[in-house]
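Asks: One structure, pasted below without further comment.
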Amino acid sequence: MNRAAVFLDRDGVIVKDADLLTRVEQIEVLPGAAAAIRKLNERGWPAVVVTNQPVVARGLVTEAEVRALQGEIERRLRSEGARLDGFYFCPHHPRATLAAYRLACLCRKPRPGMLLEAARALELDLGASVMVGDRPTDLAAGRRAGCRVTVLIGDGAPTIESPDPPSAVEATPDHRAADLAAAVSWLFA
């Protein structure tokens with residue numbers, strides 16, 4: 001049976017945006033993020049991370065190191081009783097330093113590839129799902145995947161270097177929230 005999920009961007013939504021997270025010391029889980037994810041867990045909503053990781057394309061970390069950093073984030077969330085149900089990342093960038101990652105792929109947000117992959121793998125209903133992010137490209141990925149609702153965290157600073165910029169409609173949130181805790185409270189109000 002397909003179920004609704006909440007798709008979450010990672011940097012700026014779950015952890016402080018470190019402007020290229022490459023080291024464990026940079027990880028700072030945002031206040032209220034673990035409690036918000038725990039609330040999703042308690043309500044039976046899968047919490048799935050979908051994140052662009054250009055640090056790989058720039059040669060700053062490997063894909064394995066991105067997974068290790070994510071493992072530490074998940075360990076910290078678990079210590080507060082929260083669980084993520086999936087982690088999907090795009091290592092590509094159209095102007096990558098490393099040639100192997102230099103492409104305009106379908107997974108890099110604002111394209112919906114990561115959400116579509118997660119929906120297939122986890123049997124999720126995109127039409128009943130929610131995308132929560134801090135950038136217009138997050139919202140556009142959610143809209144392009146067919147999510148029912150998009151929520152913008154913070155001021156929605158534009159994404160730099162998007163090869164497929166979102167339209168004004170795609171980048172317009174259904175709701176704005178100060179942080180993930182406020183977004184989840186709104187969802188369940």
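The values are calculated or read from the model by the stated rules, or taken from the named source; none is laboratory data. From a predicted model like this one, the values you see are computed outputs, not experimental measurements. Cβ coordinates were reconstructed from backbone atoms using ideal geometry, including for glycine residues, and neighbour counts include every protein chain displayed. What goes into the accessible areas is simple: the full protein's heavy atoms, side chains included, and nothing from ligands, DNA or RNA. Shrake-Rupley method; radii C 1.70, N 1.55, O 1.52, S 1.80 Å.
Asks: Which members of segment 126-144 meet the condition of being charged (D, E, K, R), open to solvent by less than 30 Å² (accessible area, probe 1.4 Å) and part of a helix (DSSP H, G or I)? Lay out the reasoning, then the answer.
Replies: Filtering segment 126-144 for residues charged (D, E, K, R) gives 134-135, 138, 143-144.
Add one more test, that the residue is open to solvent by less than 30 Å² (accessible area, probe 1.4 Å), and what stays is 134, 138.
Within segment 126-144, just Asp138 meets the criteria.
Asks: Now, a different point. Can you tell me which residue among Lys16, Lys109 is open to solvent by 10 Å² or more (accessible area, probe 1.4 Å) and in contact with an Asp or Glu (Cβ under 7 Å, 6 or more places away or on another chain)? Even if it seems obvious, please write down each step before you answer.
Replies: Working: Lys109 fails: open to solvent by 10 Å² or more (accessible area, probe 1.4 Å).
One residue alone meets the criteria, Lys16.
Asks: Quick one: in segment 113-125, of everything that is open to solvent by 30 Å² or more (accessible area, probe 1.4 Å) and free of Cβ contacts under 8 Å to residues at least 40 places away in the same chain, which residue is nearest to Glu63 (Cα to Cα)? So that I can check it myself, show each step before the final result.
Replies: Restricting attention to segment 113-125, the residues satisfying the condition of being open to solvent by 30 Å² or more (accessible area, probe 1.4 Å) are 116-117, 120-123, 125.
Retained after the next criterion (residues that are free of Cβ contacts under 8 Å to residues at least 40 places away in the same chain): 116-117, 120-121.
Numbers: Leu116: 20, Glu117: 18, Arg120: 22, Ala121: 20 Å.
Selected residue: Glu117.
Asks: Taking segment 33-48, which residues are more than 30 Å from Ala96 (Cα to Cα) and outside any helix (DSSP H, G or I)?
Replies: Restricting attention to segment 33-48, the residues satisfying the condition of being more than 30 Å from Ala96 (Cα to Cα) are 33-46.
Residues satisfying the conditions are Arg43, Gly44, Trp45, Pro46.
Asks: Additional query: Exactly one condition in (1) surrounded by fewer than 22 Cβ atoms within 10 Å (Cβ to Cβ); (2) more than 15 Å from Asp9 (Cα to Cα); (3) not small (Gly, Ala, Ser) is false for Pro54; which is it?
Replies: Result: Pro54 fails condition (2) only.
Asks: If you scan segment 145-163, which residues turn out to be at pLDDT below 85, of a type outside the set (A, V, I, L, M, F, W, C) and open to solvent by 40 Å² or more (accessible area, probe 1.4 Å)?
Replies: Step one: of segment 145-163, the residues at pLDDT below 85 are 155-163.
Filter once more, so that each one left must be of a type outside the set (A, V, I, L, M, F, W, C): 155-156, 158-159, 161-163.
Within segment 145-163, Asp155, Pro158, Thr159, Glu161, Pro163 qualify.
Conditions (1) assigned to a helix (DSSP H, G or I); (2) crowded, with 20+ Cβ neighbours inside 10 Å; (3) modelled with pLDDT under 95, marked per residue:
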residue: Thr22; (1), (2), (3): no, no, no
residue: Val50; (1), (2), (3): no, yes, no
residue: Glu65; (1), (2), (3): yes, no, no
residue: Arg76; (1), (2), (3): yes, no, no
residue: Gly81; (1), (2), (3): no, no, no
residue: Leu84; (1), (2), (3): no, yes, no
residue: Arg95; (1), (2), (3): no, no, yes
